[in-house]
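J.: Sending over a structure as structure tokens; questions will come in a sec.
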Amino acid sequence: MGLVSLLLLLGFLAAPAPLRAAGVLRQVVVGGDTDSNDGGGTFFEPFNVTYDHRAVILGGQRRMLVSAGLHYPRATPEMWPSLIKKCKEGGADVIETYIFWNGHEPAKGQYYFQGRFDIVKFAKLVAAEGLFLFLRIGPYACAEWNFGGFPVWLRDIPGIEFRTDNEPYKAEMRTFVTKIVNIMKEEKLYSWQGGPIILQQIENEYGNIQSRYGQAGKRYMLWAAEMALALDTGIPWVMCRQTDAPEQILDTCNAFYCDGFKPNSYNKPTIWTEDWDGWYADWGESLPHRPAQDSAFAVARFYQRGGSLQNYYMYFGGTNFERTAGGPRQITSYDYDAPIDEYGILRQPKWGHLKDLHAAIKLCEPALTAVDGSPQYVKLGPNQEAHVYSRGKVHANGSISGNGQICSAFLANIDEHKYVSVWIFGKSYSLPPWSVSILPDCENVAFNTATVGTQTSIFTVESGSPSYSSMPRSLSLIGGPYLSSTWWTSKEPIGRWGQGSFAAQGILEHLNVTKDISDYLSYTTSVNISDEDVAFWNSKGVLPSVTIDQIRDVARVFVNGKLAGSKVGHWVSLSQPVQLVQGPNELTLLSEIVGIQNYGAFLEKDGAGFRGQVKLTGLSNGDIDLTNSLWTYQIGLKGEFSRIYSPEDQGYAKWSSMQNDDTQTPFTWFKTIFDAPEGKDPVAIGLGSMGKGQAWVNGHLIGRYWSIVAPQSGCPSSCNYAGAYGDSKCRSNCGIATQSWYHIPREWLQASGNLLVLFEETGGDPSQISLEVHYTKTICSKISETYYPPLSSWSRAANGHASMNTVAPELQLQCDEGHVISKITFASYGTPSGGCQNFSVGNCHASTTLDLVTEACVGKNKCSISVTNDVFGDPCRKVVKDLAVEAECSPTLASKELRDDM
């Protein structure tokens, strides 16, 4: 076989662009300057957004829309273009984001729209990629974000009650929502101005808590709707999980599955604002995962049963930088098991499997939008059914091949255990358990949700990663071993250190004092101990205890500057034995928050710190009630207010070389200088050797860290995708720290001389910290010769009719951007067995497979290989054959050097 013929068979043509809807709005991009906020810029020919009972209507056309959740502050502006592009490549039409009130108005009347909070720049980047924007203004967000997005200063307004018929709250809410809408109008970002915004949301999941507020809740909901409509934005408003939303507001679904959801009016389309394709994690818990097959099943069922717009929550989760993580105790990572992981790397097979799903749905779009009422329903078995979308009546028992009719069908098997063969359109179709097959032409299967045809990227290094491919982590860590051997320390004083301290009678509420400018608030008082008390304790062989009725999230007890003990919990009691001496003793209680409560009713009343009585128990003459004693309050840490984490303020701290005992001393600052890893790959720092604290790189707070360990149980060795998903179903990281690796954005680093500063609360060994680059190291795939042809073999005529060219299935491999396939570690065409990192050659094997795949793929970022005897020969007649390939990816330079040595 000649080389040219071989290359053609191996699929060396550029992959086609994702299939778009016929008649899509024309992107014009006139004056769209995404690097500044000056001027407006037209990105599309201006178009109206309306809706009917079937779909959202863009520029007069019904659309089946796929939306990708991507929160702009959970990434850096430098990351935004790549993330938006990957959403588009994955088949998204829309980007969805919340607006984060506390990020944009950190102080009352003082607004911030720069850096990670430059929503205008973000919106223009979305438009520049030809995507639409779904803006969830709220302004309550939840989102596992600190205080649900509310600014803490809101609590201090006299007489305020959040999210109810309360005039002070409504006034502030109206002011902020109006501010956001006016900015969007001024920047010409609404669709009728040529911008990308097609939908917006007021409030958020208010229906979950509305009953807690009685009739005032109902009045508030109606007020919020009227207020939003009065802003005259010219596009629809959404209220999610609001079954009593007014007629002019779209009520929508948030859940793991929304195929059974129907809006509260026939005049409204069916919209899924939050498709939970993963879940968040709290400190001390294992990590949740949702299999790609189940995510695809949920989405396919939604469109099958009449859905029209679905949004992945999240498509990219990102990172809770600074102190933005919600509470109580949500981790710094907001990875969410999303199709794009925290570092911006494609999570395979989830991203690729859903990309194929989206392509199949787009092929069905003309049929889906043509049906004005309900689709034709066909019962195929006890747990099997078909929904047929066509402009005319279809005879389900006969073939429609060749009649040119626009017709698409979804065949579902909702049985969790059994493969079932069903008969429809004059053919038999085999349906795996818990799956949907999509037939864009009512004849040929383009996609099945349970059959994964995309590559899997295996993460092999990070401790605690799952070993099974249904929950992969698509990263590899290359670097180390340790960040630095030279460290300096600085001691943080316990309790009072001066600036901003004050004395007050009684226990004050944490947030009322700190206004959330720091996680830390210390309460210090003096306790005088008599000789009789010391003699009493010695004679009984006991110690007195400090007790607090309730604490949240962390309380630490210090006596005379030494840590006596700690307690972690959400409004739990504390009883801490303490060693007191005769005479005056200084007692310091340190309250720490780990994110302010972000969900629920009456958030303004939740608070933090200590509740109830504070006592010293076990004295010779009974307990001492310290609740109403004179306490000295100190907000924050001296190092925080001296900014000793900033490169510009290093002169304000007294640093000394680290000694061995420093690693176990609580309340210690550590710093070192380090060089950045070479290349452009994402960077993470491993802080598993530390205890609890915060970390800054070149003055940027990358977030809280905490090496708290998850329970030993609850993580299965494998995860069956079939059956209803819940966040406890598929988990990893049992018995190890919930989070050990923390994202450092590349743009926060320089080539050398980077400053890392840690504040460590409990003691840890910074000499064991490592810095790693993250990228997909191992990729693999296994495709049968009976698998479906690639989605790129489908086409759609001008009238919307979908048709398929009969071509061989393809195995496709792709490394991350800037990386190439450096080595084929396994390749077999025949009957290979096993899975990724465990493939083995079967009884049937084409001996030329490795050479052919190596020639086709090594040195390239991606390759496609036709799975057919025409390429590999037929090593065993009358046997169905598979092609299995495992490969390694390397940075481009390393691969070039490897090729030169071959």
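J.: For residue 364, indicate whether it is in contact (Cβ under 8 Å) with a residue 12 or more places away in the chain and within 21 Å of residue 52 (Cβ to Cβ).
T.: yes
J.: Another question, if that's okay. Counting just the residues of segment 280-302 that are under 25 Å from residue 368 (Cβ atoms) and among the aromatic types (Phe, Trp, Tyr), which one comes out surrounded by the most Cβ atoms within 10 Å (Cβ to Cβ)?
T.: Checked segment 280-302; the qualifying residue surrounded by the most Cβ atoms within 10 Å (Cβ to Cβ) is 297.
J.: Restricting attention to segment 324-373, report how many residues are among the charged types (D, E, K, R), open to solvent by 20 Å² or more (accessible area, probe 1.4 Å) and part of a helix (DSSP H, G or I).
T.: Of the residues in that region, 2 qualify.
J.: I'm told residue 136 meets every condition in (1) open to solvent by less than 10 Å² (accessible area, probe 1.4 Å); (2) assigned to a helix (DSSP H, G or I); (3) basic (Lys, Arg) except one. Can you identify the failing condition by its number?
T.: Residue 136 satisfies every listed condition except (2).
J.: Is one or more of the residues making up segment 148-162 more than 27 Å from residue 193 (Cα to Cα) and in contact with a Cys (Cβ under 7 Å, 6 or more places away or on another chain)?
T.: Yes.
J.: How many residues does segment 168-223 contain that are more than 21 Å from residue 96 (Cα to Cα) and more than 28 Å from the chain's Cα centre (by Cα)?
T.: Going through segment 168-223 one residue at a time, the tally reaches 20.
J.: State the number of residues belonging to segment 156-181 that are open to solvent by 10 Å² or more (accessible area, probe 1.4 Å), part of a helix (DSSP H, G or I) and more than 14 Å from residue 105 (Cβ to Cβ).
T.: Result for segment 156-181: 3.
J.: Which residue out of 443, 416 is touching a strand residue (DSSP E or B) at 6+ places or on another chain (Cβ under 9 Å), assigned to a loop (DSSP other than H, G, I, E, B) and acidic (Asp, Glu)?
T.: Result: 443 is the single residue among 443, 416 that is touching a strand residue (DSSP E or B) at 6+ places or on another chain (Cβ under 9 Å), assigned to a loop (DSSP other than H, G, I, E, B) and acidic (Asp, Glu).
J.: Here is a further query. Specify the residue that is nearest to residue 518 (Cα to Cα); the eligible residues are those in segment 139-155 that are open to solvent by 10 Å² or more (accessible area, probe 1.4 Å) and assigned to a loop (DSSP other than H, G, I, E, B).
T.: Per the criteria, the residue is 144.
J.: Could you list all residues from segment 266-279 that are polar (S, T, N, Q) and without any contact (Cβ under 8 Å) to a residue 40 or more places away in the chain?
T.: Residue satisfying the conditions is 270 alone.
J.: Quick one: how many residues across segment 779-833 are touching a helix residue (DSSP H, G or I) at 6+ places or on another chain (Cβ under 7 Å), closer than 16 Å to residue 870 by Cα and aliphatic (A, V, I, L, M)?
T.: Number satisfying all stated conditions: 1.
J.: Return the residues of segment 552-567 that are open to solvent by less than 40 Å² (accessible area, probe 1.4 Å) and either free of Cβ contacts under 8 Å to residues at least 12 places away in the same chain or of a type in the set (Ser, Thr, Tyr) (or both); say none if nothing qualifies.
T.: Across segment 552-567, there are no qualifying residues.
J.: Give me the pairs, please: first residue somewhere in segment 826-845 and within 16 Å of residue 780 (Cα to Cα) and modelled with pLDDT of 95 or more, second residue anywhere and assigned to a strand (DSSP E or B) and of a type in the set (A, V, I, L, M, F, W, C), beta-carbon distance under 6 Å, and either six or more positions apart or on two chains.
T.: Cβ pairs passing all conditions: 827/885; 828/884; 829/883; 832/884; 839/826; 839/884.
J.: Which ones in segment 846-873 are more than 13 Å from residue 781 (Cα to Cα) and among the hydrophobic types (A, V, I, L, M, F, W, C)?
T.: Selection gives 846, 850, 852, 856, 857, 858, 871, 872.
J.: Please identify the pairs in which a residue from segment 620-638 that is farther than 27 Å from residue 533 by Cβ has its Cβ atom under 8 Å from the Cβ atom of a residue that is of a type in the set (Lys, Arg), counting only partners at least 6 apart or on another chain.
T.: 634/496
J.: Still on this structure, please answer the following. If you scan segment 543-590, which residues turn out to be under 38 Å from the mean Cα position of the chain (by Cα), of a type in the set (Gly, Ala, Ser) and over 20 Å from residue 763 (Cβ atoms)?
T.: The answer is 569, 573, 575.
J.: Would you mind stating whether residue 97 is surrounded by fewer than 22 Cβ atoms within 10 Å (Cβ to Cβ), on the phi < 0 side of the Ramachandran plot and hydroxyl-bearing (Ser, Thr, Tyr)?
T.: No: the conditions fail for residue 97.
J.: Here is a further query. So, in segment 666-698, of the ones that are open to solvent by less than 30 Å² (accessible area, probe 1.4 Å) and among the small types (Gly, Ala, Ser), which residue ends up farthest from residue 761 (Cα to Cα)?
T.: My answer is 676.
J.: Being buried (at least 18 other Cβ atoms within 10 Å of the Cβ), under 23 Å from the mean Cα position of the chain (by Cα) and within 30 Å of residue 257 (Cα to Cα): is that true of residue 715 here?
T.: Yes; evaluated as a whole, the condition is true for this residue.
J.: Does residue 546 meet the test of being β-branched (Val, Ile, Thr) and either over 21 Å from residue 629 (Cα atoms) or part of a loop (DSSP other than H, G, I, E, B) (or both)?
T.: no
J.: Filter segment 623-665 for residues that are of a type in the set (D, E, K, R) and either exposed (fewer than 14 other Cβ atoms within 10 Å of the Cβ) or touching an Asp or Glu at 6+ places or on another chain (Cβ under 7 Å) (or both) and give the result.
T.: Of everything in segment 623-665, those that are of a type in the set (D, E, K, R) and either exposed (fewer than 14 other Cβ atoms within 10 Å of the Cβ) or touching an Asp or Glu at 6+ places or on another chain (Cβ under 7 Å) (or both) turn out to be 625, 638, 643, 648, 649, 654, 661.
J.: For segment 718-787, please list each of the strands (runs of 3 or more DSSP E) lying entirely inside it that holds at least 1 residues being touching a residue at least 60 places away in the same chain (Cβ under 8 Å) and closer than 30 Å to residue 653 by Cβ.
T.: 741-744, 754-760, 770-775
J.: Restricting to segment 425-444, name every residue that is out of contact with any Asp or Glu (no Cβ under 9 Å at 6 or more places or on another chain), hydrophobic (A, V, I, L, M, F, W, C) and in contact (Cβ under 8 Å) with a residue 60 or more places away in the chain.
T.: 436, 438
J.: Output the residues belonging to segment 790-821 that are over 21 Å from residue 879 (Cβ atoms), in a loop (DSSP other than H, G, I, E, B) and either in contact (Cβ under 8 Å) with a residue 12 or more places away in the chain or open to solvent by less than 10 Å² (accessible area, probe 1.4 Å) (or both).
T.: 790, 798, 799, 800, 801, 805, 806, 807, 815, 816, 817, 818, listed by residue number.
J.: In segment 846-883, what residues are open to solvent by 70 Å² or more (accessible area, probe 1.4 Å) and not polar (S, T, N, Q)?
T.: If the condition is that a residue be open to solvent by 70 Å² or more (accessible area, probe 1.4 Å) and not polar (S, T, N, Q), then 850, 851, 855, 860, 862, 870, 877, 878, 880 are the ones that fit.
J.: For segment 100-124, give me the residue count where each residue is more than 22 Å from residue 56 (Cα to Cα), of a type in the set (A, V, I, L, M) and buried (at least 24 other Cβ atoms within 10 Å of the Cβ).
T.: Looking only at that region, the number is 1.
J.: Continuing with the same structure: Can you tell me which residues in segment 268-283 are more than 16 Å from residue 53 (Cβ to Cβ) and among the charged types (D, E, K, R)?
T.: 274, 275, 277, 282
J.: Same structure, new question: Surrounded by fewer than 20 Cβ atoms within 10 Å (Cβ to Cβ), of a type in the set (S, T, N, Q), modelled with pLDDT under 95 and over 23 Å from residue 356 (Cβ atoms), is that true of residue 890?
T.: Yes: the conditions hold for residue 890.
The values are calculated or read from the model by the stated rules, or taken from the named source; none is laboratory data. A quick note: this is a predicted structure, and the numbers were derived from the prediction, not measured. We place every Cβ from the backbone using ideal geometry, glycine too, and count neighbours over all the protein chains shown. Just the protein is used for accessible areas: all its heavy atoms, side chains included, with ligands, DNA and RNA removed. Shrake-Rupley method; radii C 1.70, N 1.55, O 1.52, S 1.80 Å.
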